[in-house]
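Let me begin by presenting the structure, written as structure tokens, before commenting on it.
Here, each number is a calculation from the coordinates, and none is a lab measurement. Everything quoted here is computed from the prediction, not taken from an experiment. Here the Cβ positions follow ideal geometry from the backbone for every residue, glycine too, while neighbour counts run over all protein chains shown.
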Amino acid sequence: MNPIWNIARKELSDGLRNRWIVAIGLLFAVLAVGIAWLGAAASGQVGFTSIPATIASLTSLATILIPLIALLLAYDAIVGEDEGGTLMLLLTYPLGRGQLLLGKFVGHGLILALATLLGFGAAALAIAVLVDGVALDLLFRAFGRFMLSSALLGWVFLALAYVLSSRASEKSRAAGLALGVWFGFVLVFDLVLLALLVLGEGRFSPELLPWLLLLNPADIYRLINLSGFEASGGVSGVMALGSELPLPSVMLWGCLMLWVGGALLLAYALFRRRAA
Amino acid sequence: MNAVELEGVRQRYGSMNVLHGLDLQLAEGEVLGLFGHNGAGKTTTMKLILGLLQASEGRVSVLGQSPHDRQVHRQLGYLPENIVFYPQLTGRETLKHFARLKGAPAAQVDELLEQVGLVEAANRRVKTYSKGMRQRLGLAQALLGTPRLLLLDEPTVGLDPIATLALYRLVDHLRQQGTSIILCSHVLPGVEAHISRAAILAHGRLQAIGSLDSLRDAADLPVRLRAAGIAQREAWLQRWRGEGHVAQPLGDAGVEVTLRRAHKLGLLRELLAEGAPDDIEIHQPSLDDLYRYYMERAHHAPAEKKAQPEEAMA
């Protein structure tokens with residue numbers, strides 16, 4: 001059988017065994033249902049408000065959570081095997097380094113995709129069943145796009161985790177780096193962008209700034225999900241820049257995939273240089 | 001075709017030279033003991049053969065191919081030192097995973113568990129295994145796919161005497177089937193009878209290689225003879241000292257003589273013919289003694305250019 005699938009299979013069964021899939025799926029489901037019904041509580045309402053508002057709230061939460069989960073899942077993929085002594089052993093098997101890395105990615109990627117599908121899918125079903133008069137086609141289209149892009153965002157951060165894992169000499173170091181990457185992309189990046197905007201006082205070319213959003217996969221993800229609605233109202237902060245971006249959403253999807261591919265290639269290059 | 005051939009192999013890590021021109025051959029069905037101190041270059045040699053490292057200089061060929069060849073990896077078994085495996089998997093699951101990766105038949109998993117005596121523990125998580133059990137699981141792993149070349153790194157670490165004996169028996173059995181084996185370790189008690197040749201590495205250079213007999217001849221380490229129940233002990237002692245041997249009394253009527261190997265048979269003949277001893281013990285220099293001898297020699301002359309394996313072979 002294919003060595004990539006053999007590696008992936010082990011990761012997947014590990015994910016089932018240590019209940020990662022169930023835990024992440026459950027977390028997603030609870031959050032999604034909670035946000036759908038309580039999201040408007042601040043404005044004094046309880047109950048489902050609208051699909052765009054739900055997706056907008058879910059997106060801001062998922063932007064923070066999904067990268068963290070993906071990094072947690074995969075930060076020890078290479079360095080963990082190395083510390084256990086199994087990396088050296090695996091490399092004496094009829095198995096290339098690329099196949100090992102790709103196998104890990106397929107396994108972890110399936111774990112994330114399954115958890116996303118189960119968690120958010122269940123929430124979408126709950127809304128469809130429990131809310132009267134909801135536009136089903138709009139609901140499933142919005143949730144479909146949301147789930148697919150969430151999985152893709154997770155994959156980007158899985159690949160980034162492999163970059164760290166291939167590079168780090170100890171597991172604890174990889175964990176620290178993972179936290180740094182999460183912090184950088186999810187929090188710092190937008191702040192820096194805002195600071196540029198404010199301090200630059202218009203000196204930056206207004207055409208250039210929106211493109212900088214593409215340097216952050218988390219921002220691309222938000223753009224994909226928020227730009228889906230004409231008057232979402234949830235758009236704020238740096239996301240407002242996105243509306244000036246002359247890019248069709250297909251290109252945004254493409255950029256996210258480019259991030260996956262690029263990070264995987266970088267991880268492979270670093271893994272190849274790693275001493276066995 | 002030789003199972004392993006190393007020719008003039010040098011290995012550098014940055015500015016550090018780990019191997020200085022290593023030549024080594026392993027014939028098919030041969031068991032080579034690779035001995036050396038920590039940092040002597042044993043592990044580096046293993047990694048070169050396993051294709052985990054690229055030699056800085058020289059030629060490495062394994063089963064007639066490059067060690068980086070995928071087909072070679074299929075026919076190769078490796079027991080790493082101190083393997084932890086995946087703590088959350090059971091022994092059987094671990095072995096199944098590795099069998100799939102190696103393309104070994106699934107039926108072999110249970111056979112091997114039986115062979116290394118892990119049947120009862122097969123469904124327990126590896127986390128609960130003792131060091132010896134992990135070592136045996138590692139051995140089973142190395143035997144997946146019936147390899148033609150087996151590399152065992154410190155295989156007896158953590159094994160009790162009975163398990164050690166079982167391991168040596170297995171080595172003998174595999175050797176009869178034509179498997180080539182490299183056994184890498186500090187010197188092991190009892191390994192002598194199970195290896196065809198020994199190679200002693202120190203400071204990245206081969207100090208000696210050959211069968212134990214040829215190494216003993218080359219090293220010319222003294223043999224110790226002990227005899228008990230000799231009537232005229234003093235006379236014998238005087239005579240041996242006169243011949244230049246080191247002789248001393250031992251117990252009531254016993255003696256201990258230390259002499260060169262070449263004089264062993266002559267002295268024995270005389271002793272048996274005239275001394276009428278009750279008992280005789282002969283202590284050949286053990287692998288331990290040889291190892292210590294070559295290590296000390298390497299230590300005293302680290303600047304000496306290259307070890308002469310030919311000399312040792314003679």
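Scan around B:VAL223 for amide H atoms under 5 Å from its own, H built in the peptide plane at 1.01 Å from N, and keep only partners 5 or more places away or cross-chain.
B:LEU259, B:ARG260, B:ARG261
With a bin width of 20 angstrom, please list the P(r) values of chain B as percents of all Cα-Cα pairs, from the 0 bin to the one holding the largest distance.
29, 47, 21, 3
Separation between the B:GLU111 and A:GLU170 pseudo-spin-labels, each 7 Å from Cα along Cα→Cβ, expressed in nm?
In this crude spin-label approximation the distance works out to 4.4 nm.
Helix-only mean residue ellipticity at 222 nm, chain B, DSSP H runs n ≥ 4 weighted -39,500 (n - 2.57), per residue, nearest 500. What is it?
Taking each H run of at least 4 residues, the total per residue is -10000 deg cm²/dmol.
Could you check the simple spin-label distance between B:GLU234 and A:ALA269, using points 7 Å along Cα→Cβ, in nm with one decimal?
8.8
What does the charge dipole of the range B:220-284 about its Cα centre add up to, to the nearest 20 debye, if the Cβ of each Lys and Arg holds +1 and the Cβ of each Asp and Glu holds -1?
280
Explain nothing, just compute: Karplus ³J(HN,Hα) = 6.51 cos²θ - 1.76 cosθ + 1.60, θ = phi - 60°, for every residue of the range A:265-276 in order, whole Hz, x for Gly and Pro.
Karplus values, whole Hz, x for Gly and Pro: 4, 4, 4, 5, 4, 5, 5, 4, 7, 5, 6, 7.
Looking at the range B:220-284 from every direction and averaging, what is the projected area of its Cα convex hull in nm²? Provide the component values of the computation, followed by the final result.
Details: hull surface 15.2 nm².
It is 3.8 nm².
Which whole number in µm²/s is D for the range B:123-224 by Stokes-Einstein, with the Kirkwood Rh taken over Cα pairs at 25 °C and 0.890 mPa s?
Estimated via Stokes-Einstein, D reaches 159 µm²/s.
Suppose every K and R has +1 on its Cβ and every D and E has -1 on its Cβ; what is the size of the dipole of the range A:3-273 about the Cα centre, in Debye to the nearest 20? Write down the numbers at each step before the final one.
Values: 15 positive and 15 negative charges, 145 e Å.
Dipole size: approximately 700 debye.
At what distance in angstrom do the alpha carbon centres of the range A:84-146 and the range B:97-117 lie from each other?
With the range A:84-146 and the range B:97-117 each reduced to a Cα centre, they are spaced 31 Å.
Can you list the residues, at least 5 places off or on another chain, whose amide H is less than 5 Å from the amide H of B:LEU19, using H built in the peptide plane?
B:GLN11
Please identify which residues in the range A:101-133 have an amide N closer than 20 Å to a label point set 7 Å out from the Cα of A:LEU38, following the Cα→Cβ vector.
It comes to A:119-128, A:130-131, nothing else.
From the C-alpha coordinates alone, can you work out the Kirkwood hydrodynamic radius of the protein assembly as shown, in Å? Don't skip to the end; give the middle numbers.
Values: mean 1/r = 0.0347 Å⁻¹.
Across the protein assembly as shown, the inverse of the average 1/r is 28.8 Å.
Which order do peptides A:158-171, B:149-162, A:250-263 fall in by mean Cβ count within 10 Å, highest first? Can you show the working numbers first?
Working: A:158-171: 22.9, B:149-162: 18.9, A:250-263: 16.6.
Ranked by mean Cβ neighbours within 10 Å, highest first: A:158-171, B:149-162, A:250-263.
Shielding by partners for A:10-17, please: the mean number of other protein chain Cβ atoms within 10 Å of each residue's Cβ.
Neighbouring Cβ atoms belonging to other protein chains average 2 per residue here.
Can you compute the charge dipole magnitude of chain B about its Cα centre, using +1 on each Lys and Arg Cβ and -1 on each Asp and Glu Cβ, nothing else charged? Give it in debye, rounded to the nearest 20.
Around 1240 debye, computed over chain B.
Would you kindly work out the equivalent ellipsoid of the range A:1-116 from its C-alpha gyration tensor and give its semi-axes, the square roots of five times the eigenvalues, largest first in whole Å?
Equivalent ellipsoid of the range A:1-116: 38, 12, 11 Å, largest first.
Could you name the aspartates and glutamates whose alpha carbon sits less than 17 Å from that of B:LYS264, not counting residues in the same chain fewer than 8 places away?
Within the straight-line cut-off, B:LYS264 pairs with B:ASP213, B:ASP217, B:ASP220, B:GLU243, B:GLU256, B:GLU274, B:ASP279, B:GLU281.
Would you kindly derive the ³J(HN,Hα) couplings of the range B:86-92 from the backbone phi angles with the Karplus curve 6.51 cos²θ - 1.76 cosθ + 1.60 (θ = phi - 60°), listing them in order in whole Hz, with x for Gly and Pro?
9, x, 8, 8, 7, x, 5
Which FRET efficiency, nearest 0.05, do B:ASP69 and A:ARG145 yield, Cβ-Cβ r, R0 45 Å?
0.45
List, largest first, the extents of the alpha carbons of the range A:68-227 along their principal axes, each in whole Å.
57, 51, 24
Any idea what diffusion coefficient chain A gets from Stokes-Einstein, in µm²/s, Kirkwood Rh on alpha carbon pairs, 10 °C, 1.306 mPa s?
Numbers: Rh = 19.8 Å.
Stokes-Einstein gives a translational diffusion coefficient of 80 µm²/s.
Across the residues of B:88-99, average count of Cβ atoms on other protein chains within 10 Å? Provide the component values of the computation, followed by the final result.
Details: counts 4, 4, 0, 0, 0, 3, 2, 0, 1, 6, 5, 1.
What the average comes to for B:88-99 is 2.
Please find the FRET efficiency linking B:GLN284 to B:VAL84, where r is the Cβ-Cβ separation and R0 is fixed at 35 Å, and quote it to the nearest 0.05.
Computed FRET efficiency for B:GLN284 and B:VAL84 comes out at 0.35.
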